[in-house]
Amino acid sequence: MTTLVSLISLLAFLLVVLPGPLYQYGVVELTSAFTALRYGVYVGIAALVLLLLYIIIKRNKTRWLTAGVSAALAIVAIALPVSMMQKAKSVPPIHDISTDLINPPAFVAVAALRAGAANPLEYAGEATAKQQREAYPELVTQRYSQSAEQVFAAAEAAVNSSGMTAVNVDKALGIIEATDTTVWFGFKDDVIIRISNTGEQRLLDIRSKSRLGKSDLGKNAERIRSLLADINANL
């Protein structure tokens, strides 16, 4: 019985962990990957129920190390997808985030990389802007007193240290474009930083947009926050 429960727990764990890499390398379609995640939760719950029944019935014969490992695998299989679902419920179903909602930075070099992407290059519009204002009111244009050269250098350093792939670094136009690839599923999100002058201040805006998916699970907002924190630290 313990062997059976261990195998079921392992199956649940694999159903949840493997879909990301398999999708990333083109082995399975995204719908199949998400289906596997859902079944991983079901199998994980079944494994925990069976394990609990076995412990109740065969307590004296329970191998606690094996039981602990099985429980851990099943819990991971349940927790990962459930946490994703909870995250999706806690953030608006949008995937295009910008600190400037009136005149969002326009992608230039990234445009060619997004050819065929499910999400269009253009900004999603006022409906998205309204949801962003309610969910992420802190994401606004940043103002700096430092020189344009200093702000640009700080932004470039932040991009380089983030692990993103720089696509276009144009100091003359004050634009930095980059692509970020998520670890688990390998989803690609594109980022543009725009730096402009207005009187004695430098204005810095960041836009982060997913290529795929209606909801980004808050990832684009998190990315902008992280970049701003690094830029401010660099300055």
Next on the checklist: With θ taken as phi - 60° and the coefficients 6.51, -1.76 and 1.60, list the Karplus ³J(HN,Hα) couplings across the range 163-174 in order, rounded to whole Hz; mark glycine and proline as x.
Outcome noted: x, 6, 9, 5, 10, 8, 10, 10, 5, 5, 8, x
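Taking chymotrypsin sites (Phe, Trp or Tyr not before Pro) that fall in a DSSP loop and have at most 16 other Cβ atoms within 10 Å as cut points, what is the longest piece of the chain between them? Please report the intermediate quantities before stating the final value.
On the way: sites that count: Y25, W184.
Of all site-free stretches, the longest is 26-183.
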Next on the checklist: What is the distance in Å between the Cα centroid of the range 45-123 and that of the range 156-213?
Outcome noted: 25 Å
Checklist outcome for this item: Whole-Hz Karplus couplings 3J(HN,Hα) for the range 61-73, θ = phi - 60° and coefficients 6.51, -1.76, 1.60, Gly and Pro as x, run 9, 5, 8, 5, 5, 5, 5, x, 5, 4, 5, 4, 4
Checklist outcome for this item: If one builds a Gaussian network model of the chain from Cα atoms under 10 Å apart, the most fluctuating residue listed among V49, V169, V151 is V49
Next on the checklist: Springs between alpha-carbon pairs under 10 angstrom, Gaussian network model over the chain: which of L204, L121, L48 fluctuates most?
Outcome noted: L48
Checklist entry - How high is the relative contact order of the chain, given as a whole-number percent (alpha carbon pairs under 8 Å, six or more residues apart)? => result 22 percent
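Can you give the longest run of the chain that contains no GluC sites (Glu not before Pro) sitting in a DSSP loop with at most 16 other Cβ atoms inside 10 Å?
On the way: sites that count: E29, E122, E138, E200.
Counting at most 16 other Cβ atoms within 10 Å as exposed, the longest clean stretch of the chain is 30-121.
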Checklist entry - What net charge is computed for the residues neighbouring I175, neighbours being all others with C-beta under 12 Å from the C-beta of I175, Lys and Arg scored +1, Asp and Glu -1? => result -1
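Any read-out appearing in this document is the output of simple, stated calculations on the displayed coordinates, not a laboratory observation. Quick caveat, the model's predicted, so the values are computed rather than measured. Glycine also receives a Cβ, built like all others from the backbone with ideal geometry; neighbour counts cover every protein chain displayed.
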